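Chemist: Please read through the structure below; I'll follow up with questions.
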Amino acid sequence: MSDTIKTLTEAVRGRVITPADSDYDDARAVYNATHDHRPRAVIQCTDAADVMAVVHAARGVGLSIDSLLSADVVLADGRQVTVSDYQHEDLFWALRGGGNFGVVTSFEFQLHEVGDIVGGPLFYEFDDAAAVLQCYRELIATAPEQLGCFFGWHIAPPLPFIPTRAARGGYVNFMSGDDDHRAPANYGANYERLAAVKAAYDPDNLFHLNQNIAPAKGR
């Protein structure tokens with residue numbers, strides 16, 4: 001058993017099912033039978049704490065797109081291409097968080113060694129807030145990259161004083177259909193380049209749902 005699986009087994013209340021278990025095939029099955037995924041483990045979470053432990057273990061090196069090596073993509077004209085740092089580099093760049101440029105049918109990503117993970121909340125009295133914030137500031141300034149933490153405050157001011165709009169961007173995976181005007185702001189300096197890639201690979205904007213990048217005009 002790998003260190004990662006052993007750590008998860010000790011950290012969660014739910015079952016950790018591996019290929020050595022007799023019910024592994026049943027546990028790994030998904031609704032779409034065409035996808036034959038064989039993960040190193042299937043975690044049957046029982047509560048939010050289990051989910052937190054699994055996410056900490058799975059996302060320690062970022063999202064899949066952060067370690068993407070290549071992808072097979074069906075384009076709007078029906079062609080299938082393989083994109084990577086060496087093939088269709090512009091499309092490969094755009095696919096990693098830029099929006100809809102085609103249908104990804106498979107992808108290859110770099111695996112990373114995962115060590116032990118420790119996580120959990122710490123709670124302090126309200127009267128200690130000033131000292132805790134000072135300690136947090138000093139800690140986070142010199143903390144290693146592997147340490148992720150944030151300070152949470154559970155007393156909110158009246159609603160009129162809470163900002164209703166993000167100042168520097170938005171979470172593009174959840175832009176609504178009427179948020180098209182937000183796309184240029186969300187992607188910032190990358191928007192024009194993304195629009196050029198869109199014009200090259202999907203000029204008629206066939207893939208236009210969610211986080212859409214409109215094709216650049218005149219291309």
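Chemist: Of the residues in the stretch 1-39, how many are within 21 Å of the chain's Cα centre (by Cα) and exposed (fewer than 11 other Cβ atoms within 10 Å of the Cβ)?
Modeler: Qualifying residue count for the region: 4.
Chemist: Consider residue 205 carefully, then state whether it is over 28 Å from residue 125 (Cβ atoms), in contact with a helix residue (DSSP H, G or I) (Cβ under 9 Å, 6 or more places away or on another chain) and modelled with pLDDT of 80 or more. Before you say what the answer is, go through the steps one by one.
Modeler: On the way: over 28 Å from residue 125 (Cβ atoms): yes; in contact with a helix residue (DSSP H, G or I) (Cβ under 9 Å, 6 or more places away or on another chain): yes; modelled with pLDDT of 80 or more: yes.
Yes; evaluated as a whole, the condition is true for this residue.
Chemist: Sort out which residues of the stretch 113-137 are surrounded by fewer than 10 Cβ atoms within 10 Å (Cβ to Cβ) and assigned to a helix (DSSP H, G or I), and write them in order of number.
Modeler: Restricting attention to the stretch 113-137, the residues satisfying the condition of being surrounded by fewer than 10 Cβ atoms within 10 Å (Cβ to Cβ) are 113, 118, 120-123, 125-127, 130.
126, 127, 130, listed by residue number.
Chemist: Further, regarding this structure: Exactly one condition in (1) closer than 30 Å to residue 184 by Cβ; (2) in contact with a Leu (Cβ under 9 Å, 6 or more places away or on another chain) is not met by residue 63; state its number.
Modeler: Among (1) closer than 30 Å to residue 184 by Cβ; (2) in contact with a Leu (Cβ under 9 Å, 6 or more places away or on another chain), residue 63 violates only (2).
Chemist: Consider residue 219 against the criteria (1) under 15 Å from residue 101 (Cβ atoms); (2) at pLDDT 80 or above; (3) in contact with a helix residue (DSSP H, G or I) (Cβ under 6 Å, 6 or more places away or on another chain): it satisfies all of them except one. Which criterion is unmet?
Modeler: (2)
Chemist: For a quick check of your reading of the model, give me the residue pairs whose first member lies in the stretch 176-194 and is modelled with pLDDT of 60 or more and among the aromatic types (Phe, Trp, Tyr), whose second is exposed (fewer than 14 other Cβ atoms within 10 Å of the Cβ) and part of a helix (DSSP H, G or I), with beta-carbon atoms closer than 9 Å and at least 6 apart or on different chains.
Modeler: 191/185
Chemist: While we're looking at this one, here's another question. Using beta carbons and a limit of 6 Å, which pairs, at least six apart or on different chains, have the first residue in the stretch 17-31 and in contact (Cβ under 8 Å) with a residue 12 or more places away in the chain and the second one surrounded by 10 or more Cβ atoms within 10 Å (Cβ to Cβ) and part of a helix (DSSP H, G or I)?
Modeler: From the stretch 17-31, the pairs are 17/24; 17/27.
Chemist: Let me ask something additional. Of the residues 111, 91, 8, only one is under 28 Å from residue 183 (Cα atoms) and among the hydrophobic types (A, V, I, L, M, F, W, C); which?
Modeler: On the way: 111 fails: under 28 Å from residue 183 (Cα atoms); 8 fails: under 28 Å from residue 183 (Cα atoms).
One residue alone meets the criteria, 91.
Chemist: Tell me which residues, restricted to the stretch 64-80, are under 30 Å from residue 113 (Cα atoms) and either surrounded by 15 or more Cβ atoms within 10 Å (Cβ to Cβ) or in the same structural domain as residue 204 (by the TED database) (or both). Explain how you work it out, then say what you get.
Modeler: Here is the first cut: in the stretch 64-80, the ones under 30 Å from residue 113 (Cα atoms) are 64-73.
68, 70, 71, 72, 73 - these are the residues of the stretch 64-80 that are under 30 Å from residue 113 (Cα atoms) and either surrounded by 15 or more Cβ atoms within 10 Å (Cβ to Cβ) or in the same structural domain as residue 204 (by the TED database) (or both).
The values are calculated or read from the model by the stated rules, or taken from the named source; none is laboratory data. Being a predicted model, the structure only gives us computed values, none of them experimental. All Cβ positions, even for glycine, are placed from backbone atoms using ideal geometry, and neighbour counts span all protein chains on display.
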